[in-house]
Each structure stands twice: as C-alpha cells, then as structure tokens.
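No value in this document is a laboratory result; all are computed from the given coordinates. Values in this document were obtained by computation on a predicted structure and should not be read as measured data. Positions of Cβ are generated from backbone atoms using ideal geometry, with glycine treated the same way; all protein chains shown enter the neighbour counts.
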Amino acid sequence: MKIAFFYNLSPGGAKRVVFEEIKYFASKGHEIDIYRYSETDESFLCPDRYAQKINTYKALLTKNKKGFNRFLHDLNVLVKLALISKNISSDIDKEKYDTVIVHPDNYTQAPFVLQFLKTPSIYFCEELLRSSYEKKFDVHKSLPIHKYIYEKTVRMIKKYNDRKNARSADIILTASEFIRDKVKFAYEKDAFINRLGVDENIFCKRKNKKSNNLLFIGQKELVTGYYFAKYVVNKISGSKFKLKVIDFKDNKLRYTDERLSQIYSDAFLTLCVAYDEPFGLSSIESMSCGTPVIAVNEGGYHESVINNVNGYLLKRDGNEFIEKIIKLKENNNLYRKMSDKGILNIRKYWNWEDHGERLIGFIKKVNKNNINKD
C-alpha cells in the first residue's frame, strides 16, 4: 500500500504513536510519505528513515505571542494555516495514496487538511482541543473585559474548526474508551478504539538495583499533575524518595528508547497523575519494564492499570498515595507480584504489532466505504 502521514506534534506520547505506526508499515514493505511543517519538532523519535519522501511546508507562524503578536499568531492559525493546509491536501491527493493517516496539529488539534482531502482519511484523535471543551481551561473572568472577550471569541472559532476538521475524517480512531466517548459527545460522530503498544524488546525489565526514584513523566505544569506528585513526595515523612522528572520537551536532553527503558527500570514506582489523561503511554511503558504504577482513577489510566494487580488506581488524595508507596516499599513480595503481573499484562494486550494490524483493518474499511460511496 501507499500511505501518507500528516502530523505536527511536540516530543511526547502522541509522537511515539506516529513513529511506531510509520515504523510498522515500513517493516511490512508499504510505501510511506510524510507531510508536515518545516517547524515541526523532530528532536524526539524522528521517523524520517522509514519514509520514502518527506514533504515539508513553511507555516512561519509568529512565535512571540505577546501583545499584538498574539493577534497575528491567532490570525495566522485561523486563516493562513487553512490556506497552507489546502495546498498540502491538494499535493496529497495528486499522489493517489490508498489512505492518509492524520495525527493532531499542535496549532489546531484536529488538522485543517482533513477538510480538504479527497483521499480516504483516518484521523487518530489523541485528545480533543482541551482549552475549548474542558471547564478547567475556561477563560478566567478576572481578565480585563477586552481580553476576556477576545479569548472567548478565539476559542469559539478554534472549537468550530476543530469540530469541522475532525468530522471531515472518514474514520476517527482513539487510544481509549475515555476519548472515544468524548469524541461521540463533542463531534457527534462514532470513533473506534485502536489500543497502543510497547516494544517489549526495548522496554523490558533490566537487571539493576531499584532506586528510590518515584518517576514522573511530563512537564512541570498543573494539568500534568506535577504539583500533586511533588506534594506527595515531599509529604512522605523521613523518606529518601526522590521525584525523578522526565520532560520530553526539554531540548537540552535527548532521551533514547534505551535510556528511557533504563530510567523506568531504575525507578521504584511511576506516578501517573495527569488530569483527565487521554490514555497514558507512560503507564504501559513503565509496567513493561517491571515498574508498578500508582495512578489517579481518572481519564484513560483505568484502561491500562488494574487496581491491586499491576498497580493502584486511587483518588487524587495525597495520603492514599503515600500509604500505597510505603506499603510497596515495606512488602517485597507484593512489589514483585505487581511487577511480574504488569509485565505479563503488557505482553498479552499491549504491543505495536497488534496496533499496526488493526490499523491495516481500518485502512481496508475506509477504502471499502469510499468505493461504496462512488
């Protein structure tokens, strides 16, 4: 098959999905072309070596978002980016691909290209445009009235575009039931689940002495749960536990898969505490390395973490987290059982080969549907 990919993603879990999908298709002999902006960050998991052609387009959006530059940035996202996307879609259609697999665009969430494509398209919806759909991101009413009105207006337009773009896809895929249900509500369109995976040849239990690191994957922001994780670690009385933070967007550091696997293996536990996490790739990567997970019982975490089996699902309560951390620290047998069951669960249910095979099934489905339309 001849398949095109479009994406504009920062380093992190969503970029991992793109990388693994392209890697899988290339390994099966399919022809892969990539379409993206020249500004797309490829410092983490760059898939270029698996592609036949790399097509880049200059978005040239204003990076400075202060004052009048903020207006220019928003105007470019709403107008200029749509025009660029129309050109990208036209270029894709000329190549007669079997399917275009579209991943999110950092600027818009659901990319504009979906509106203009005539080629059958699959949109992998990692998450919705959170600033427009979740109350926790509402514009604060304490803002000056002109800024409040401006912010509300821009978000309303972005929400409209996100919805229109996503609904234009022939098929929408998600990684979790949590996001599938959100898609149904927000876009009024059914989505299908394609579970994510782990490369067990890389993310595996390594021989080492466990540290007292409590691992946290994400940026130091409120929505990632960083401050909650920090609070938990600081509150453990007389503890030598240390919060180990991995931020993939830190351009000073380069995280190879081998290094990540070692970090997971070295850690005592991984704390998964983001607010309404769409899925949480770090949870299955951690368990694949034999490191149990303690997660908040929110979002997509409950789809990979089995409470009291391969980790714990808890309320966002610092005392409950501390209790379980100490319990595992003092009970080696319980810790080993959780570690072993986590590895077994990942081997059975979470691998990229299955993800890729299911994706091929969806490609066949979308092509069949388009033939029937014609």
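For residue 205, the lysines whose Cα comes closer than 18 Å to its Cα, not counting residues fewer than 8 places off in the same chain, are 337, 341, 348.
Rounded to the nearest Hz, the phi-derived 3J(HN,Hα) couplings of the range 142-153 under the Karplus curve 6.51 cos²θ - 1.76 cosθ + 1.60 (θ = phi - 60°) are 7, 5, x, 4, 5, 6, 4, 5, 4, 4, 5, 5, where x marks glycine and proline.
For residue 242 and residue 357, calculate 0.36 nm times their separation in residues minus their Cα-Cα distance, and state this gained length in nm to one decimal.
Answer, rounded to one decimal: 37.4 nm.
If a paramagnetic tag sat 7 Å from the Cα of residue 330 along the Cα-Cβ line, which residues of the range 218-250 would have the backbone N under 18 Å from that point? Counting only backbone N, you get 233, 235-241. Considering only 43, 288, 239, the Gaussian network model of the chain with Cα springs below 10 Å gives its largest mean-square fluctuation to 239.
Give the calculated FRET efficiency between residue 130 and residue 193 to the nearest 0.05, with a Förster radius of 22 Å applied to their Cβ-Cβ distance. Could the numbers behind the result be given before it?
Details: r = 20 Å, r/R0 = 0.89.
Once the sixth-power term is evaluated, E becomes 0.65.
Within 10 Å of each residue's Cβ, count the other Cβ atoms and sort 119, 270 from fewest upward.
119, 270
Across all directions, the shadow cast by the convex hull of the range 213-349 built on its C-alpha atoms averages 7.7 square nanometres.
Within 10 Å of each residue's Cβ, count the other Cβ atoms and sort 19, 203 from fewest upward.
Details: 19 19, 203 24.
Listed from fewest to most nearby Cβ atoms, that is 19, 203.
Checking [x] 0.96; [y] 1.02; [z] 1.11 against Cα Rg over 2.2 N^0.38 Å calculated from these atoms, the matching label is [y]. The modelled label-to-label distance between residue 222 and residue 309, using points 7 Å beyond Cα along the C-beta direction, is 3.6 nm.
Mind checking the angle between helix 332-349 and the chain's longest principal axis? C-alpha axes, 0 to 90 degrees, to the nearest 10. Approximately 20 degrees, to the nearest 10. For the listed residue pairs 210/242; 235/327; 207/249; 235/329; 240/327, the alpha carbons are over 20 angstrom apart in 207/249. Projected over every direction and averaged, the convex hull enclosing the alpha-carbon atoms of the range 33-139 yields 7.9 nm². Compared with the dominant principal axis of the Cα atoms in the chain, helix 81-94 is inclined by about 80°.
For residue 46 and residue 80, compute 0.36 nm times the residue count separating them, minus their Cα-Cα distance, and round to one decimal in nm. Walk me through the intermediate numbers first.
Values: separation 34, 0.36 × 34 = 12.24 nm, distance 2.61 nm.
Stretched fully, the residue 46-residue 80 segment lengthens by 9.6 nm.
Taking amide H as placed 1.01 Å from N in the peptide plane, residue 215 has its amide H under 5 Å from the amide H of 244, 268, 269, 270, 271, each at least 5 places away in sequence or on another chain. Contact order for the range 213-349, expressed relative to its length and based on alpha carbon pairs under 8 Å spaced 6+ residues apart, stands at 22 percent. Mind checking which aspartates and glutamates have their C-alpha under 14 Å from residue 364, skipping anything on the same chain fewer than 8 residues away? Here the aspartates and glutamates satisfying the reach criterion relative to residue 364 are 98, 170.
Structure remark: mean-square fluctuation, Gaussian network model of the chain, C-alpha springs under 10 Å; the largest value among 335, 231, 187 belongs to 231. Extending 7 Å from Cα along the Cβ direction at residue 39 and again at residue 347 yields two label points whose distance is 4.6 nm. Using C-alpha pairs below 8 Å separated by at least 6 residues, the relative contact order for the chain is 14 percent.
Compute the distance in nm between two label points, each set 7 Å from the Cα along the Cα-to-Cβ direction, one at residue 206 and one at residue 262. It is 0.5 nm. The aspartates and glutamates within cross-link reach of residue 159, meaning a Cα-to-Cα straight distance under 18 Å and a gap of 8 or more places when in the same chain, are 74, 105, 126, 127, 134, 138, 151, 181, 188. Taken about its Cα centre, the chain carries a charge dipole of about 800 debye when Lys and Arg each add +1 at the Cβ and Asp and Glu each add -1 at the Cβ. Taking only the alpha carbons of the range 100-216, we obtain Rg and Dmax values of 18.7, 59 Å in that order.
For the range 274-374, the relative contact order comes to 26 percent (Cα pairs under 8 Å, sequence separation of at least 6). Angle of helix 318-330 to the longest C-alpha principal axis of the chain, folded into 0 to 90 degrees and rounded to 10: 60°.
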